[in-house]
Amino acid sequence: MSTNRPAPAPSPAAARPMPNRGPFGQAFGPPPQKAKTFGASARRLIRRLAPEKALVYAVLVTAVGSVALATSGPRILGHATDLIFEGYLSTLHGPANAAMLAKMHVVPGHGIDFAAVAATLVLVLALYVGASLLTWLQGYILNFAVQRTVKRLREDVQAKMSRLPLSYFDTHPHGELLSRVTNDIDNVAQSLQQSLSQILGGLLTVLAVLIMLVVISPLLSLIAVVTVPLSIVVTARIGKRSQKRFVAQWKHLGALNGQIEEAFTGHSLVKVLGRRKEVEARFGDKNAELYDASFRAQFISSIIMPSITFVGNLNYVAIAVVGGLRVASGAMLLGGVQAFIQYSRQFSQQLSQLASMANVLQSGVASAERVFEMLDTPDQPADVADQHLPAVRGEVRFEDVSFRYKPEQPLIEKLSLVAKPGQTVAIVGPTGAGKTTLVNLLMRFYELAGGRILLDGVDVAHVSRDELRSKIGMVLQDTWLFGGTIRDNIAYGNPAATDEQITAAAQATYVDRFVRQLPQGYATKIDEEASNLSAGEKQLITIARAFLADPALLILDEATSSVDTRTEVLVQQAMAALRKGRTSFVIAHRLSTIRDADLILVMRDGQIVEQGTHTELLAAGGAYAALHQALD
């Protein structure tokens, strides 16, 4: 079992294209990819609602019912107006009024029927209450559908993260990835929640209102709809421009999050090296880029609603003038004009609302594009897994192994070596020689470009990664502890371990010595960055974790680099006991820690230039002897 987080393998800086910049201006991150079309991403986002088909149909039914009830109100209110208006006219007397009443088909003398008016108003009230209840139910059901869809999206992203190759994490800032997993998915959820309900209700309302307009007055309905094409053109043209800005906005937000994450993680180093002003300047540049992209996106998209409102107001004036003339000529009743004006206002308001929802939807689709881009990244090669490891003895063979981070830049070429069962193999060499890359290939963090690696005669490429890594314990130079107790962090190497086994592992690695001095002992909580422990104490805990895992093979990547000299002697003794009977690969910069290694490999530029024992290599007077003399 791997007992620590796998660290990115070192390689020459030129081996990885990283055009974005970190807090000190270092290259970091892949070049931005071209965004997909808005329509394709929007359709893909909507298709993710397919598992909630039943809920979506329920939303559609409640929306139709709500719109039907709500759009019936103005027509019935117009009837109430007609009752009042006709009742008032019927009280007028005189020959001139009699002619007008006859023209308007009003029976004189009956007055206002207040009972009929009251019944009409009660009916309208009931319709609006029913519409409101259906709207509330629609929102409740839609919330279920959206949140369950986003839940699955998060699960898909989390599953995708476990399937991505290590090289993907090497080329993407952690803060930028966190922004996609948190900010972008949250924005997708909010956008779907807001826009789907409003767009569905808006489209249905526009259709229902259009039908009512035609029923009331075909002539006036022509005036009402003549501005629709203009509204569509305005929305489409502005929306096309704003979509690109939203994509840029979320891209710059991810870059800013990456900048902040790096700066906060290395804040001590920033202060020590006096680079605070430079980091602040780079933050200011990133912040300014985000501000500019956000301002442009929001400004351009915010133009849509005022533009549609202006067109709607022109429409409203035209309807009011023509409707008034038709009432004066007796061609229409006042209640009909009143209802028509209300419908026309609803019509223009719904168009404006749909335009404003385009703003929200564009932002959500822009975030969805970034999430889909990660989901579309090719997975690491699938496990063949047609073989299984027997009881591991620990013989490791590298046969003509070749590897390169970039196809045109080889790092390791035709490397061969044999580690016999129980041997301690030390690997030394300058930075970038390929030491950590070598053990990462054994762990299958990267796939070979050529050759093969055999573990007890079994090609590791034909064994599942989980099975392979369950046989290997790994302690890295960079410690990783999670938020929890010291006991939990040690038990991470073997979740089924008992308290006695955890204590025994801690005693073997001298963790027990300092834990006993803590007020809460093994129940001591470790914060997010483990700042309440020293670097040496954190390293000892990771070593205890490896002890508890009891692996068949050990990989120690400068595991004692953070331990003081006295503790190092004790840990070396514990390591000797742990390595007994196990094949161990030890990457070391301190030659004093590998004097007793059974085999020492000296690497340079991805090749083994020397191998042998400490005594043999010193006697040979080659690269190891020169390195030993330089460090002596």
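The values are calculated or read from the model by the stated rules, or taken from the named source; none is laboratory data. Note that the coordinates shown come from a computational prediction; the quantities given were computed from them, not determined experimentally. Every residue, glycine among them, receives a Cβ derived from its backbone with ideal geometry; neighbour counts consider all protein chains shown.
The table for this structure:
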{"read-out": "Test: residue in the stretch 149-161 that is over 21 Å from residue 360 (Cβ atoms), buried (at least 17 other Cβ atoms within 10 Å of the Cβ) and of a type in the set (Ser, Thr, Tyr)", "value": "no"}
{"read-out": "Unmet requirement for residue 372, which otherwise passes all of (1) in a loop (DSSP other than H, G, I, E, B); (2) within 34 Å of the chain's Cα centre (by Cα); (3) touching a residue at least 60 places away in the same chain (Cβ under 8 Å)", "value": "(1)"}
{"read-out": "Residue within the stretch 157-166 that is over 30 Å from residue 202 (Cα atoms), modelled with pLDDT under 90, assigned by TED's automatic domain parsing to the domain that holds residue 204 and not in a helix (DSSP H, G or I) present", "value": "yes"}
{"read-out": "Failed item, numbered, when residue 449 is tested on (1) farther than 30 Å from residue 518 by Cα; (2) of a type in the set (Gly, Ala, Ser); (3) in contact with a strand residue (DSSP E or B) (Cβ under 7 Å, 6 or more places away or on another chain); (4) touching a residue at least 60 places away in the same chain (Cβ under 8 Å)", "value": "(4)"}
{"read-out": "Subset of the stretch 533-551 [farther than 19 Å from residue 426 by Cβ and of a type in the set (A, V, I, L, M)]", "value": "533, 535, 540, 541, 544, 548, 549"}
{"read-out": "Residue, modelled with the lowest pLDDT, within the stretch 384-416, restricted to residues that are closer than 22 Å to residue 554 by Cβ, outside any strand (DSSP E or B) and touching a Gly at 6+ places or on another chain (Cβ under 8 Å)", "value": "394"}
